[in-house]
Amino acid sequence: MPHAEIGLIGLAVMGANLARNMERNGFSVAVYNRSPERTRAFLESRPPKDRIQAAFSLADLVSRLTIPRRVLLMVQAGPPVDAVIAELKPLLSPGDLILDGGNSHFSDTERRATELSSHGIHYLGVGISGGESGALWGPAIMPGGSKEGYPLVEPILTAVAARVENTPCISYLGPGGAGHYVKMVHNGIEYADMALIAETYHLIRSALGMSTPEAAEVFDRWNRSPLASYLVEITARVLAKTDPETGNPLVEMILDAAGSKGTGMWTAAGALELGVPVPTIAAALEMRNLSAMKDQRRTAAGVLPGPPSAIGADRDQRLSDLAQALYFGRICTYAQGMALLNAASKAYGYGLHLSEILSLWREGCIIRAYLLETLQKALQADPGLPNLLLAPELREDLEQGHACLRRTVALAVRTGTPAAALAASLSYYDTYRCETLPANLIQAQRDCFGAHTYHRTDRKGIFHTDWEV
């Protein structure tokens, strides 16, 4: 007699920990992995009382599920998801539900939802953030897709989600690819926040001449301030870690070439498609790409001139500036991310509630931060706010912080310390607050070489000029 309430496919770290999370919260789970050895190893790690059962084929998995069947995919995004769905579809019936918990591109989720709907099968694209620890103890969960299918799995997802003030960090976000779009932007913000923190660390080390253990103490102190966040917390922990082999700070023994899995690029590309500026996120992506050019950078370091690096005077003041600059950059990053979500909601008909998204990011996920509570209140007070930079709740922070960011970017320029994300945040802020931009010249140039026309400031209409003198 089938009795598993949900099936889970894919027993890598995230899938295995989600299965354990569901079991711990009282749900029976049938699990399957393409590699039977991984399935057996997973079972051997479980005590006998578990409500987890193993399947060694997809047909076996489906036969163990209660009706309507619920199947959660935790497999690599892209073709592997399509391959598993193709195998699953003949085994399922109308009214059953498939959930994709990986980092799929939202357009793939839209396509799969449409195709499965024609067979009467519900489909959800579910963004899950929190890493392996979050998967086990409570992630932030961002489901979107079939509104009719969501209630079939809502009790399970709600039970395993993180909580803040006893409120689960999960909410149905909208149709189609809404859940995966929100997760994509979440990851873009994550890229930017990590870049801002890394650049701040670089300035502490290179411009202020402080040691890595001293930097660890700075970040630990900042994590007990308005900068408090998961990423600042783990930065302090990472910087304090000693390499047992050399006795050096372990971070100094790690090659300075950052990897990525594509979601940051998707965010930047999605923003370009909708005409939404996200320069801090884009700068973070570009800096990762530049970091990967290690051999070229090593050559360039020996031949390209630059200024002296360290200027250690006024260390306390400069650290205060750095803290405010990091906070300011973080505000700009969220402003860009929320503006993109707002535009996507209108373009794709998602009906997103931005304050609700910020609420479910407050715990469990990688970008959880003290700042989110303030941002959430700002959007609750004015859901139609076009940009978070205009929120009255942030006025004082922006008034106090922009001078600190200017001094920090100037410090980076004077010492030749790369700070693209910090500089992009300042440029975004200054451009947004600038009533008159030199885009009039650009439009005149376009009309001169391509007859693209222009609008005038003194009267309505579309104009073209013969620019030949």
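The simple spin-label model puts a point 7 Å past each Cα toward its Cβ; for ILE67 and ASN289 those points are separated by 5.2 nm.
Can you tell me the relative contact order of the stretch 261-401? Whole percent, Cα pairs under 8 Å, sequence separation 6 or more.
For the stretch 261-401, the relative contact order is 22 percent.
Estimated purely from DSSP H runs of n ≥ 4, each contributing -39500 (n - 2.57), the mean residue ellipticity at 222 nm for the chain is -16500 deg cm²/dmol once divided by its residues.
Helix 315-348 and the longest principal axis of the Cα set of the chain meet at an angle near 60°.
Can you give the relative contact order of the chain as a percent, counting alpha carbon pairs under 8 Å and 6+ residues apart?
Computed value for the chain: 13 percent relative contact order.
Rounded to the nearest 20 debye, the dipole size of the stretch 318-398 about its Cα centre is 180 debye, using +1 on the Cβ of Lys and Arg and -1 on the Cβ of Asp and Glu.
For the listed peptides 279-285, 115-121, a ranking on the average number of other beta carbons within 10 Å per residue, highest first, reads 279-285, 115-121.
Assuming R0 = 41 Å, can you tell me the calculated FRET efficiency for the pair ARG24 and GLU214, based on Cβ-Cβ distance, to the nearest 0.05?
After rounding, the FRET efficiency stands at 0.50.
Using C-alpha pairs under 8 Å with a sequence gap of at least 6, the mean separation divided by the residue count of the stretch 134-277 gives a relative contact order of 19 percent. Basic side chains Lys and Arg get +1 at the Cβ, acidic Asp and Glu get -1 at the Cβ, and with that the dipole of the stretch 274-380 about its Cα centre reaches some 220 debye. Amide H contacts of ALA292: ALA258, each under 5 Å away and 5 or more positions distant or on a separate chain (H built 1.01 Å from N in the peptide plane; Pro and chain starts excluded).
Divide the volume of the convex hull around the Cα atoms of the stretch 183-432 by the residue count and you get 134 Å³ per residue.
For ALA140, nonlocal amide neighbours, meaning residues 5 or more places apart or on other chains whose placed amide H falls under 5 Å from its own, are SER129, ALA162, CYS365. Between the listed residues TRP137, ALA421, LEU389, the Cα displaced farthest toward the positive end of the dipole of the chain, a dipole computed from Cβ unit charges relative to the Cα centre, is found at TRP137. Rounded to the nearest 10 degrees, the angle from helix 13-24 to the longest Cα principal axis of the chain is 60 degrees. Only Lys, Arg, Asp and Glu carry charge here, each on its Cβ (+1 for the first two, -1 for the last two); on that basis the chain has a dipole of about 440 debye about its Cα centre. For THR167, neighbours were defined as the other residues whose beta-carbon sits under 13 Å from its Cβ, and their charges (Lys and Arg +1, Asp and Glu -1) total -2. Descending by average beta-carbon neighbour count within 10 Å, the peptides 80-89, 134-143 line up as 134-143, 80-89, the highest first. The angle separating the long axis of helix 439-450 from the principal Cα axis of greatest extent in the chain is about 80 degrees.
Sparsely packed loop sites in the stretch 151-229 (the trypsin sites (Lys or Arg not before Pro) outside DSSP H, G, I, E and B with at most 16 other Cβ atoms within 10 Å) comprise ARG224. Loop-located GluC sites (Glu not before Pro) across the stretch 223-269 with a Cβ neighbour count of 12 or fewer within 10 Å are GLU245, with loop assigned by DSSP. Peptides 148-158, 428-438 ranked from most to least packed, by the mean per-residue count of other Cβ atoms within 10 Å: 148-158, 428-438. Here the stretch 1-89 is treated as an ellipsoid with the same Cα gyration tensor; its semi-axes, largest first and in whole Å, are 19, 15, 12.
Note on LYS346: lysines with a C-alpha under 23 Å away, same-chain residues under 8 apart excluded, are LYS147, LYS183, LYS377. In this structure, the amide hydrogen of VAL29, modeled 1.01 Å from its nitrogen in the peptide plane, lies closer than 5 angstrom to those of GLU5, ILE52, GLN53, counting only residues at least 5 positions away or on a different chain.
Taking a straight line from the alpha carbon of LYS460, these aspartates and glutamates sit under 18 Å away, with near neighbours fewer than eight places off in the same chain left out: ASP447.
Listed by chain and number, the lysines placed with their C-alpha closer than 28 angstrom to that of LYS294 are LYS241, LYS261; residues fewer than eight positions away on the same chain are left out.
Here, each number is a calculation from the coordinates, and none is a lab measurement. Predicted, not measured: the structure shown is a model, and the values here were computed from it. For neighbour counting, all protein chains shown are included, and Cβ atoms are generated from backbone atoms with ideal geometry for every residue, glycine included.
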